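Input: a single structure, listed below in structure tokens.
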Amino acid sequence: MTPTATSQASSPGITLGELAVRFGCELRGDPAVYVARVAALQEATADAVGFVANPKYLRQLATTRAGAVIVDAATAARCPVAALIAKNPYATFARIATLLHPRAPIVPGSHPSAVIDATAIIDSSASIGPHCVIGAGARIGARVEVGAGSIVMAEAVLNADTRLVARVTVCERVRIGERCIVHPGAVIGADGFGNAMDAGAWVKVPQLGAVVIGNDVEIGANTTIDRGAIGDTVIEDGVKLDNQIQIAHNVRIGAHTAMAAQVGIAGSTTIGKYCMLAGKVGVAGQLEICDGVVLMGRATVSGSILKPGSYSGVLGLEETRTFRRNAARFRQLDRLAKQVQRLSGQASDDESGGDP
Amino acid sequence: MTPTATSQASSPGITLGELAVRFGCELRGDPAVYVARVAALQEATADAVGFVANPKYLRQLATTRAGAVIVDAATAARCPVAALIAKNPYATFARIATLLHPRAPIVPGSHPSAVIDATAIIDSSASIGPHCVIGAGARIGARVEVGAGSIVMAEAVLNADTRLVARVTVCERVRIGERCIVHPGAVIGADGFGNAMDAGAWVKVPQLGAVVIGNDVEIGANTTIDRGAIGDTVIEDGVKLDNQIQIAHNVRIGAHTAMAAQVGIAGSTTIGKYCMLAGKVGVAGQLEICDGVVLMGRATVSGSILKPGSYSGVLGLEETRTFRRNAARFRQLDRLAKQVQRLSGQASDDESGGDP
Amino acid sequence: MTPTATSQASSPGITLGELAVRFGCELRGDPAVYVARVAALQEATADAVGFVANPKYLRQLATTRAGAVIVDAATAARCPVAALIAKNPYATFARIATLLHPRAPIVPGSHPSAVIDATAIIDSSASIGPHCVIGAGARIGARVEVGAGSIVMAEAVLNADTRLVARVTVCERVRIGERCIVHPGAVIGADGFGNAMDAGAWVKVPQLGAVVIGNDVEIGANTTIDRGAIGDTVIEDGVKLDNQIQIAHNVRIGAHTAMAAQVGIAGSTTIGKYCMLAGKVGVAGQLEICDGVVLMGRATVSGSILKPGSYSGVLGLEETRTFRRNAARFRQLDRLAKQVQRLSGQASDDESGGDP
């Protein structure tokens, strides 16, 4: 098998004029031209819309054969084809791509293989896929899509237009807002990790809270969000979580914060709004991270951060032999610093005439 | 949707006197008072029991309206309401919470949608949930709960009172002890990662061992424990594993060791008893970690540890600009140290009168 | 329950002579002796074949009771029992173990509980397990095994002899080559993490590409490989991925590269052929890693690597108290280096007689 590019589904098409009107762009080009799909600049043909959101792609812009390219005002002059001039080309691209590549409409109703408790309340416009399990008292809102193999346990709530893609586990009493997307393998509401050591063995601390998720939240594949110990774990509106993220019990994530894959947040920590956590960041428990904090890749946060800004904590890569030499010196660093202090003392002594 | 606190299920109630007797507490307060639930100090009402296990919460103790609070002897005098005085308030809280918030009793029997091999041996008191699959020769013990969507492959064994919450995968010949809890998405007994490079391609090394798990083990959501290559991977009694932990083939984890989320243990490593591994710790393969080792968050272990104690290896966070300046210097550290040695040589020369 | 070693299934047996011929070994010993299983040196009995691929195990070789041991030429003289002398003992062991411990043959046909779209094309020699879901237009090749609870979405393709062990999710239009193995919980083709910030909220960027996986690829439990944003995410032939690895959208992994558990590769990065990434390595987005790069455990790659070799970036472990002293000095490292520069300036001044 030779890996090759995938052909993409596309809509019947729309004119550039209509796109410009609908998405508030200035159009430089023929408004009657039809486009039907989005594409990368170097692969786009006359029926496709591309975009430039990064100067890095200007070279590809010069040779593109796209029907139109979404650009910002500063870049428009360099566009060799029709230009859709937008304030925020990447967001405009996202909206146009959504329009041109719509998802298939959901089919209301429950697959006969789904196992649905008689006391669950399911909106007639919702879709429950094959091999799903819906527990007692669960509530499934309008146009909700519960994808194949998903489990929604007792008393859980999925609000309107939310989509569990497939094989998602939503545990008891978890509440998920509107327009959320949860990807396969995610587990929402498993027990938090609470154990009390007593007489040489761990005693399990019951995890009695739930998870409460706001609107417009996206949760990546195999991400886990634990239920609270007493109160709830809370994910506010507009939060975006990538794959394989771990959110421990009683964490609160502020609105519109985004986290890349493999981040871990330990118990009872609060993260502010509009934070950005790069891949593999780890935040210890019981901390407070204020709004607007950026944590660079694999940063380890062991104390609260009360000032917005960008924080780092990871050494760069070196060839192994070189790195090991420096790492060995790191183990002597305190001694080295003291040695320099002594030398500086001497040095200043020398300067001042040798007097101790 | 506005995220708000979740109301919790509760039992009909029990008197403080009975709690004191049952859990060996000294009671300061009216033994006839009923409580029915546990709650956080600041949210507790007269029907609720709170606890203080950390001086950090003393301020909340002062204003609590709980029916009673579980405290240690030193804290009892500061308790404004009835006090249940315990040697280990957190463990006592765990036990009282378990009593007041019991899990619903399991319903014996197999859901009609479960696919159960005719040669599997299932105790009549066990519960097999919807869409489960139980393989040939599997043995399911008394009062075992196999939650919805779980897969128990051929010849696997689940001993009495063990609970697979939902959507757990237990592969061939894996043996799990009594009273274990396994959370959704966990995979126990997938092939270890064994590959031999030959003539420019990897040859798969069959993974012929199994996984053997003791009693009272808890395994978090989406945690993976691989089967051994020849012998078994072994998790001893009382081990507690949080979410998204990776245990490679032929690892042995000693009794009562606890690991926080996203820890990874590479192949054939042995971890002692009563160790504590914080989040994201990584341990290389073929190592030995003795009993009683504490590994701080994200520590990377590349050599055996033969002495109990606390070990660390991760730099703290700084603002990105500052951090990068220091990280750049780290790359010069070996050179810097040599420079200091030379300077020290000169300095001592100076001190000793210029004599080499 | 006491954890003990697992007995392993075994074949009826084969003579050492036949093994030698079939796998190109030189045999020192009786060619008529039968062996029926592989075993570790210290547990092997006369019916078992062991191996030595590492000088570390020479001591166990001296006392083994195995029927035969696979060794290299240099080690043969030390073998106290029959020796199968191979150029690459570990690879030869892998092949002999595969022969002696064959997997049960797959049973063609679809389990009645599987939900299969009428437009899916399934080879008559393929096996579809219980509670699987196969979407519209999916194509399942010859001798493919779709294990229990797996989901293969619309238009996905699984080529000949590929095996989804159980509970694997393969999303729309993903294409998987021949002879691949995918372990439980893996999610292939979930949406990449694409979000554009606009007017204070994230706009989802549709993920329109797919995932294309070559031949002979193995994918570990709970590993996630996201679909591309516009083009595809590509995993070339012979790649081996351990558990809980995250591959972001539009990544390309070169042939025969192997990655240990919990590695994360961010979006649009290209990794070369024959690379080896140890556990928990993280690679930032939009980078290029050339062929033949070895990344040591938990290395963080934030720039492209254009030269083959071994790269590291993680400090060793120390006792917490000692480590913290050195880590505190790290925060002063830039200052310290400047101080040393000044001292060196003075020192050379002194040497040169005080002349600036």
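The values are calculated or read from the model by the stated rules, or taken from the named source; none is laboratory data. The structure displayed is predicted, hence computed values, not measured ones. Every residue, glycine as well, gets a Cβ built from its backbone with ideal geometry; the counts of neighbours run over all protein chains shown. The protein model used for the area step is the full one, side chains on, heavy atoms only, and it has no ligands, DNA or RNA in it. Shrake-Rupley method; radii C 1.70, N 1.55, O 1.52, S 1.80 Å.
Rounded to the nearest 5, what % of DSSP beta bridges with both residues in segment A:246-309 are antiparallel?
0 percent
From the label point of A:Ala104, set 7 Å along Cα to the beta carbon, how far off in nm is each other copy's matching point, shortest first?
Computed spacing set for this position: 3.3, 3.3 nm.
Counting only helical runs of four or more DSSP H residues, what would the 222 nm mean residue ellipticity of the protein assembly as shown come to if each run contributes -39,500 (n - 2.57) and the total is spread over all its residues?
-5000 deg cm²/dmol
In nm, one decimal, shortest first: how far is the label point of C:Gly137 (7 Å from Cα along Cα to beta carbon) from the matching points in the other copies?
Distances to the matching label points in the other copies: 4.3, 4.4 nm.
Please list, in chain and number order, the residues 5+ apart from C:Ser127 or on another chain whose amide H is under 5 Å from its amide H, with Hs placed from the backbone.
C:Gly109, C:Val144, C:Glu145, C:Val146
All other residues with a Cβ under 15 Å from the Cβ of C:Asp291 taken together, and with Lys, Arg as +1 and Asp, Glu as -1, what is their net charge?
Taking every Cβ under 15 Å from that of C:Asp291, the sum is 0.
Please list, in chain and number order, the residues 5+ apart from A:Ile116 or on another chain whose amide H is under 5 Å from its amide H, with Hs placed from the backbone.
Amide H to amide H, under 5 Å and 5 or more residues apart or across chains, A:Ile116 pairs with A:Ile134.
Ordering C:Ser150, B:Ser344, C:Ser268 by accessible area with a probe of 1.4 Å, largest first, what comes out?
Ranking C:Ser150, B:Ser344, C:Ser268 by accessible area, largest first, yields C:Ser268, B:Ser344, C:Ser150.
By a straight-distance test (C-alpha under 13 Å), which aspartates and glutamates pair with B:Lys273 as possible cross-link partners, with residues fewer than eight away in the same chain excluded?
Leaving aside aspartates and glutamates fewer than 8 places away in the same chain, those within reach of B:Lys273 are B:Glu236, B:Asp237, B:Glu288, B:Asp291.
As a test of reading the structure, rank B:Leu277, A:Leu27 by solvent-accessible area (1.4 Å probe, protein chains only), most first.
The most accessible residue leads, giving A:Leu27, B:Leu277.
Positive end of the dipole of segment C:213-356, charges at C-beta (+1 Lys, Arg; -1 Asp, Glu), about the Cα centre: which of C:Ala248, C:Gly279, C:Gln341 has its Cα farthest in that direction?
It is C:Gln341, whose Cα lies furthest towards the positive end.
List the residues of segment B:215-240 whose backbone N lies under 18 Å from a point placed 7 Å from the Cα of C:Phe23 along the Cα-to-Cβ direction.
B:229-231
Any lysines with Cα under 16 Å of the A:Lys204 Cα? List them, leaving off those in the same chain fewer than 8 positions away.
The qualifying lysines are B:Lys240.
Which of rounded, prolate or oblate describes segment A:229-313 when judged by the alpha-carbon gyration tensor and an a/c cut-off of 1.5?
Note, shape of segment A:229-313 comes out rounded.
Which of the three applies to chain A, rounded, prolate or oblate, going by the alpha-carbon gyration tensor with a ≥ b ≥ c and a/c under 1.5 meaning rounded?
oblate
I'd like the distance separating the alpha-carbon centroids of segment C:93-125 and segment B:66-106, in whole Å.
With segment C:93-125 and segment B:66-106 each reduced to a Cα centre, they are spaced 54 Å.
Connecting C-alpha atoms closer than 10 Å in a GNM of chain C, tell me which of C:Ala142, C:Ala221, C:Ala48 has the biggest fluctuation.
Per the Cα network of chain C with a 10 Å cutoff, C:Ala48 tops the list.
Given R₀ = 30 Å, what would the calculated FRET efficiency be for B:Arg103 paired with B:Arg65, taking r from the Cβ atoms and rounding to 0.05?
It comes to 0.60.
Can you sort A:Arg179, B:Arg95 by 1.4 Å-probe accessible area, starting with the largest?
A:Arg179, B:Arg95
What nm value, rounded to one decimal, do you get for the distance between A:Ala46 and C:Ser310 when each label is placed 7 Å out toward the C-beta?
5.8 nm
Only bridges whose two residues both fall in the protein assembly as shown count here: according to DSSP, what percent of them are antiparallel, nearest 5?
15 percent
HN-Hα J couplings of segment B:64-80 from phi, Karplus 6.51/-1.76/1.60, θ = phi - 60°, integer Hz, Gly and Pro as x?
5, 10, 4, x, 7, 10, 7, 9, 8, 4, 5, 9, 4, 5, 8, 8, x
Provide the per-residue ³J(HN,Hα) series for segment A:317-331, in order, calculated from phi with Karplus coefficients 6.51, -1.76, 1.60 and θ = phi - 60°, each as a whole number of Hz, with x at glycine and proline positions.
These are the phi-based 3J(HN,Hα) values: 8, 9, 4, 3, 5, 5, 4, 5, 4, 5, 5, 5, 5, 4, 5 Hz.
Give me the lysines in straight-line cross-link reach of B:Lys338: C-alpha distance below 30 Å, same-chain residues under 8 apart excluded.
A:Lys338, C:Lys307, C:Lys338
Could you work out, residue by residue across C:267-275, how many beta carbons of other chains sit within 10 Å of that residue's beta carbon, and then give the average as an integer?
Mean partner-chain Cβ count within 10 Å for C:267-275: 1.
Which whole-Hz ³J(HN,Hα) couplings does segment C:103-114 yield from phi under the Karplus relation 6.51 cos²θ - 1.76 cosθ + 1.60, θ = phi - 60°, glycine and proline marked x?
Here the 3J(HN,Hα) series is 5, 4, x, 6, 9, x, x, 10, 5, x, 7, 5 Hz.
In nm, one decimal, shortest first: how far is the label point of A:Arg331 (7 Å from Cα along Cα to beta carbon) from the matching points in the other copies?
In nanometres, ordered from closest: 2.4, 2.4.
How much of the DSSP beta bridge set in chain A is antiparallel, as a percent to the nearest 5?
10 percent
If you take the square roots of the eigenvalues of the alpha-carbon gyration tensor of the protein assembly as shown and sort them as a ≥ b ≥ c, do you get rounded (a/c under 1.5), prolate (a/b over b/c) or oblate?
Rounded is the answer for the protein assembly as shown, as its axis ratio a/c remains below 1.5.
What residue among C:Gln346, C:Gln207, C:Gln286 has the largest mean-square fluctuation in a Gaussian network model of chain C, using Cα springs under 10 Å?
Comparing C:Gln346, C:Gln207, C:Gln286 in a Gaussian network model of chain C, the most mobile one is C:Gln346.
Would you pull out the residues with amide H under 5 Å of C:Asp198's amide H, same chain only if 5 or more places away, H placed 1.01 Å from N?
Under 5 Å from the amide H of C:Asp198: C:Val203.
Of the residues C:Gly50, C:Gly231, C:Gly285, which exhibits the maximal mean-square fluctuation in a Gaussian network model of chain C defined by a 10 Å Cα contact cut-off?
C:Gly50
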